[in-house]
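Reviewing the structure listed below.
A short reminder: the numbers here are calculations on the coordinates, not readings from a lab. All values reported here derive from a predicted model rather than from experimental measurement. Cβ placement follows ideal geometry from the backbone for every residue including glycine, while neighbour counts extend to all protein chains displayed.
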Amino acid sequence: MMDLFPEIEIQKDQAEAIARGLYAVARADGSIHEREAALISEFFSSTVERASDLGALERAPAIEPATLALLLPSPELRRLFIKTAFLLAYVDNAYGGGEAGVIGEFAKALAIGEAELSRMEVQVKEYLLSQLSHLSNIEAAAQVAKEIKV
């Protein structure tokens, strides 16, 4: 199976910055879907000792792209954020222009060019499709592939 996320160390302040960025992406289409909230919670609780801090991050103002860039200095952390943002955008089956715009703003601040951004989006789509590879209903898997434009 495809490995979308290599193992990297994430500091607490970096996890908080990523979570705040993910909340910004989730809010881009007006509200946070329960699956988006669950994905952010799962990410955050897997990277910090006290996941109870997540509520405060959800209520915090949106993180500015330049601030996120300062807190995520390595290319690995920056790619982790962008790939997770794409996963988040697709998790509610309603990836739209608002989310794409926010991801694009973050990518620009993180010095991720359009070609690399497109490659990462394709990687995320392929990863999502690989999760369906065990299904016997090939028509349903093909429909999902069509919906996410793979």
Report summary line: Taking only C-alpha positions in segment 1-80, Rg and Dmax in angstrom work out to 12.4, 37
Query raised in the report: For ALA107, what is the net charge nearby, where nearby means another residue's Cβ is under 13 Å from its Cβ and Lys, Arg count +1, Asp, Glu -1?
Result: 0
Query raised in the report: If you stretched the chain out fully between SER130 and GLU114, how much longer would it get, using 0.36 nm times the residue separation minus the C-alpha to C-alpha distance?
Result: 3.3 nm
Query raised in the report: Can you give the translational diffusion coefficient of segment 64-108 in µm²/s, computed by Stokes-Einstein from the Kirkwood radius over Cα pairs at 4 °C and 1.567 mPa s?
Result: 119
Query raised in the report: Which whole-Hz couplings ³J(HN,Hα) result when phi for each residue of segment 110-121 is put into the Karplus expression 6.51 cos²θ - 1.76 cosθ + 1.60, θ = phi - 60°, listed in order with x for Gly and Pro?
Result: 8, 6, 10, x, 4, 5, 5, 4, 5, 4, 5, 5
**Report entry** Gyration tensor (alpha-carbon) shape descriptor, segment 12-147, a/c threshold 1.5
**Finding:** prolate
**Report entry** Rounded, prolate or oblate (a/c below 1.5 giving rounded, otherwise prolate when a/b exceeds b/c) for segment 37-101 by Cα gyration tensor
**Finding:** rounded
Query raised in the report: How much length is gained if the chain between ALA62 and GLU34 is pulled fully straight, taking 0.36 nm per residue apart and subtracting their Cα-Cα distance, in nm to one decimal?
Result: 8.2 nm
Query raised in the report: Separation of segment 13-33 and segment 65-80 by C-alpha centroid, Å?
Result: 14
Query - Which of ALA60, LEU70, TYR127, positive extreme of dipole for segment 12-147 (C-beta unit charges) - result: LEU70
